[in-house]
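The values are calculated or read from the model by the stated rules, or taken from the named source; none is laboratory data. Not measured: the values here are computed from a predicted model. Cβ: placed from backbone, ideal geometry, glycine included. Neighbour counts: every protein chain shown.
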Amino acid sequence: MKKLLFVQSKPPHGSLQGQEGLDAILAGSAFVDCAVLFTGDGVYQLLSQQHTDALSSRDYAVTYLALEDYGVDQIYCVAADLQQRGLTTADLLLNPTPLDDAEVQTLLQGADAILDF
Amino acid sequence: MQFMIVVQGGPYTTQASLTAWHFARAVLASGHEIYRVFFYHDGAYNGNALIAPPQDEINLVEAWRSLGEEHSLELIVCVASALRRGMLDATEAQRYEKSASNLDPHFTISGLGQLIDGALTADRTMTFGS
């Protein structure tokens, strides 16, 4: 089975990239084996307890919790990007697996196609 | 080699769409094939038939249209991206009871399955504007 890797690199709410990226992940999970990598400010998308009412923005982070039901259990983040932002996986939904640079490289190389958001 | 091209940037807002168009032309000129062009996010605006840039600037909608016609390309606009941004074909305009439609007829509204299928089928997937 082919493997798709989705890369989420934008912060939530400032643009629709993250939310529409998640839509693509959900669509992909219906077809193939999917993995998701959160890089850069993309790691903020997984922050738990986001309060988006004041932004009139949809709290789509909770939709990430549905990924497991869709069979998407390979959730990764870049360890250095978390650290630079003063975050740990305890701050995030889904308990993503932190990867170092070499592991990120392996993940990228192992995908049949990569979709960036 | 078959290429899947994903355009996420709107015309005139970022370089993404123009670069994608140049890349698509280069792919075809090199004897390769394009499996599909998929417009996502603000890329949906590339199908706006009402875009009217100054005459001495490239008209990107026409540029995509003529490239599509010449090479029988599938120019697919994601339905969710399109509806959010007011990019409607006649069918969607009728469905949502809007007074007008604005999608250039050379573009087709379809779902995210077309993105996934393209990424899985083509030899290479190139994303512009993420």
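Among the residues making up the stretch B:53-64, those that are out of contact with any strand residue (DSSP E or B) (no Cβ under 8 Å at 6 or more places or on another chain) and either surrounded by 18 or more Cβ atoms within 10 Å (Cβ to Cβ) or β-branched (V, I, T) (or both) are B:I58, B:L60, B:A63.
Are any of the residues in the stretch A:74-86 within 22 Å of B:Q8 (Cα to Cα), surrounded by 15 or more Cβ atoms within 10 Å (Cβ to Cβ), in contact with a helix residue (DSSP H, G or I) (Cβ under 8 Å, 6 or more places away or on another chain) and of a type in the set (V, I, T)? No, there is no match, as no residue in the stretch A:74-86 is within 22 Å of B:Q8 (Cα to Cα), surrounded by 15 or more Cβ atoms within 10 Å (Cβ to Cβ), in contact with a helix residue (DSSP H, G or I) (Cβ under 8 Å, 6 or more places away or on another chain) and of a type in the set (V, I, T). When we screen B:A119, B:A100, B:A82, B:A63 for residues that are touching a Ser or Thr at 6+ places or on another chain (Cβ under 8 Å) and at pLDDT 95 or above, the only hit is B:A119. Among the residues of the stretch B:10-52, those identified as touching a Phe, Trp or Tyr at 6+ places or on another chain (Cβ under 7 Å), assigned to a loop (DSSP other than H, G, I, E, B) and surrounded by fewer than 22 Cβ atoms within 10 Å (Cβ to Cβ) are B:G10, B:H32. Could you check the stretch A:13-22 and list, in sequence order, the residues that are more than 27 Å from A:T106 (Cβ to Cβ) and either touching a residue at least 24 places away in the same chain (Cβ under 8 Å) or more than 10 Å from every other protein chain (Cβ to nearest Cβ) (or both)? Listed by number, the residues that qualify are A:H13, A:G14, A:Q19, A:E20. At least 2 residues being within 14 Å of chain A (Cβ to nearest Cβ) and in contact with a strand residue (DSSP E or B) (Cβ under 7 Å, 6 or more places away or on another chain) is the threshold, and among the helices (runs of 4 or more DSSP H) wholly inside the stretch B:70-130 those reaching it are B:79-84, B:113-121. When the stretch A:23-37 is filtered for residues that are more than 10 Å from chain B (Cβ to nearest Cβ) and within 12 Å of A:M1 (Cβ to Cβ), only A:D33 remains. When B:V61 is tested against (1) within 14 Å of chain A (Cβ to nearest Cβ); (2) among the aliphatic types (A, V, I, L, M); (3) assigned to a helix (DSSP H, G or I), just one condition goes unmet, and that condition is (1). Against the condition surrounded by 15 or more Cβ atoms within 10 Å (Cβ to Cβ), away from every other protein chain (no Cβ under 14 Å) and polar (S, T, N, Q), how does A:T52 come out, does it pass? Against the criterion (surrounded by 15 or more Cβ atoms within 10 Å (Cβ to Cβ), away from every other protein chain (no Cβ under 14 Å) and polar (S, T, N, Q)), A:T52 does not qualify. Among the residues of the stretch B:62-97, those that are out of contact with any Asp or Glu (no Cβ under 7 Å at 6 or more places or on another chain) and of a type in the set (G, A, S) comprise B:A63, B:S66, B:G68, B:S72, B:A82, B:G86, B:A90, B:A93.
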